[in-house]
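Structure first, commentary second.
The values are calculated or read from the model by the stated rules, or taken from the named source; none is laboratory data. In this text, all values refer to a predicted model and were calculated from it rather than measured experimentally. We place every Cβ from the backbone using ideal geometry, glycine too, and count neighbours over all the protein chains shown. Areas reflect the complete protein model, heavy atoms only, side chains present, ligands, DNA and RNA absent. Shrake-Rupley method; radii C 1.70, N 1.55, O 1.52, S 1.80 Å.
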Amino acid sequence: MIERYSRPEMRAIWSEENKLRLWLQIELLTTEALVEAGIVPAADYRRIRAGCQACLKDLAGLRKRQLELEQTLQHDVIAFTTAVAERINHRASRWLHYGLTSSDVVDTAFAVQLVQSADLLLADLDAVLPVIARRACEHKFTPCIGRSHGIHAEPITFGFKLAGMYDEFRRARRRLESARYSVAVGKLSGAVGTSAHLPPRIERHVCNKLGLRPAPVATQVVPRDLHAEFQTVLALIGASIERWAVEFRHLQRTEVLEAEEPFGKGQKGSSAMPHKRNPITWERLTGLARILRANALAAVENVALWHERDISHSSVERVIFPDSCTLLDYMLHLLRRLMDGLQVYPENMRRNLGLSLGMYHSQTVLLALIRKGLTREQAYALVQRNAMKTWEVKHAGRDDANFLETLKQDPEVARHFEPGELERLCSLDFHFRNLPQRFKALNL
């Protein structure tokens, strides 16, 4: 991923140096287990360990030599083991990579990188959730209009909207925890997964040391449905980010202007129009979410490999997993900043509420008439008739109508209500009376 959309912590996880560090660790742990199994002499292990430690101190040099060898060998793992053997510079190097196939090292290291990435992403979610919670509580009773199909529906509060956002990212965190567990799987079971050359206890030893579980059954590789699950969760979290990016982009439109992304001192919104304050950061998140979805599709296509394994998945994974983890880390960091600095305009929310001329009370009156004995069809006809009269004024470009007053002037409606009853029903308090229970359910 280009540096523009990445942060150093996640870049470090997917660096070549970190990968080689993990490969060295797996090779050493395997040899260590082979000593305990009585296969490798302890003296040879010490030679191997010394060579590996020298490589760990000079990962850049190891990488350079690996690339040189790969030009001829055309195999990155063989180039790696050859470069390490050169550093060991002793017959003991014959035990390096003993009984292993390349994917034993690659997939097990890959699992560690995925776990490291998941831990960083979980920390990102842990950072963004309290910010959303704070903003939700801040605007718990800030009234605004709810919209369905883009059209005014019934009143909500801005805090209630954000409470939904908070709950969505709590679900995202639970999914990511589950996906972290799913991919925390290593394998050292050989070329077709039968453990023909290394007993399962070697695999258990290495995986336990790395904080992984051995795959119960593998082929030459860990089954790719596990990795597809992980990618799908990343894409789903990206979709949640996009959902709220689209929401706040709409709320920033000039004719709405209920909320606005932070606009820093000295920032410029357009090269041509100095007045512009565009939702560029929310738009950036919208675009990046598309990449996560595309990568998830590629991961799903990686599941169907030939027989015990082909290599069609490898080139794809070298791109999509570093990119997706890096992007989501960046996106969550950006989301936290945006939510922390989100500009909220309650007066504009109240103004927009007024644009409906009170018609958002239509269901309240409909249900009241039903309680008074009218059929649903009778009640609906009465309420809709008055709503359409109010819409006629709205369509004419005027605002000199009020749905409540129109209802009161309709004798077929008014005769069903005591004086002041319609006013009590057509109030914001009526719509918000149960919101505290919703916040309590979220521990907000």
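A few points about this structure:
- Residue selection: residue 237 fails the criterion of being open to solvent by less than 10 Å² (accessible area, probe 1.4 Å) and either more than 25 Å from residue 299 (Cα to Cα) or basic (Lys, Arg) (or both).
- Where helices (runs of 4 or more DSSP H) fall entirely within the range 1-77, those with at least 3 residues that are closer than 16 Å to residue 93 by Cα are at 16-36, 42-57.
- Lone qualifier among 232, 219 - being touching a residue at least 60 places away in the same chain (Cβ under 8 Å), in contact with a helix residue (DSSP H, G or I) (Cβ under 6 Å, 6 or more places away or on another chain) and of a type in the set (Ser, Thr, Tyr): 232
- Filter result (closer than 30 Å to residue 108 by Cβ and assigned to a loop (DSSP other than H, G, I, E, B)) within the range 217-264: 217, 218, 219, 220, 221, 222, 223, 224
- Test: residue in the range 191-208 that is surrounded by fewer than 21 Cβ atoms within 10 Å (Cβ to Cβ), among the polar types (S, T, N, Q), closer than 17 Å to residue 111 by Cα and free of Cβ contacts under 8 Å to residues at least 40 places away in the same chain: yes
- Failed condition for residue 221, given (1) over 27 Å from residue 296 (Cβ atoms); (2) over 26 Å from the mean Cα position of the chain (by Cα); (3) surrounded by 17 or more Cβ atoms within 10 Å (Cβ to Cβ): (1)
- Selection of first residues in the range 296-314 that are in contact (Cβ under 8 Å) with a residue 24 or more places away in the chain and among the polar types (S, T, N, Q) and of second residues that are part of a helix (DSSP H, G or I) and surrounded by 12 or more Cβ atoms within 10 Å (Cβ to Cβ), restricted to Cβ pairs under 6 Å at least 6 apart or on distinct chains, gives the following pairs, ordered by first then second residue: 302/313; 302/316.
- Note on the range 110-162: residues that are part of a loop (DSSP other than H, G, I, E, B) and either surrounded by 18 or more Cβ atoms within 10 Å (Cβ to Cβ) or under 15 Å from the mean Cα position of the chain (by Cα) (or both) total 3.
- Count of residues meeting criterion [free of Cβ contacts under 8 Å to residues at least 12 places away in the same chain and either over 15 Å from residue 386 (Cβ atoms) or not polar (S, T, N, Q) (or both)] in the range 406-420: 6
- Which listed residue, of 247, 242, 258, is charged (D, E, K, R), at pLDDT 95 or above, farther than 30 Å from residue 203 by Cα and open to solvent by less than 10 Å² (accessible area, probe 1.4 Å): 258
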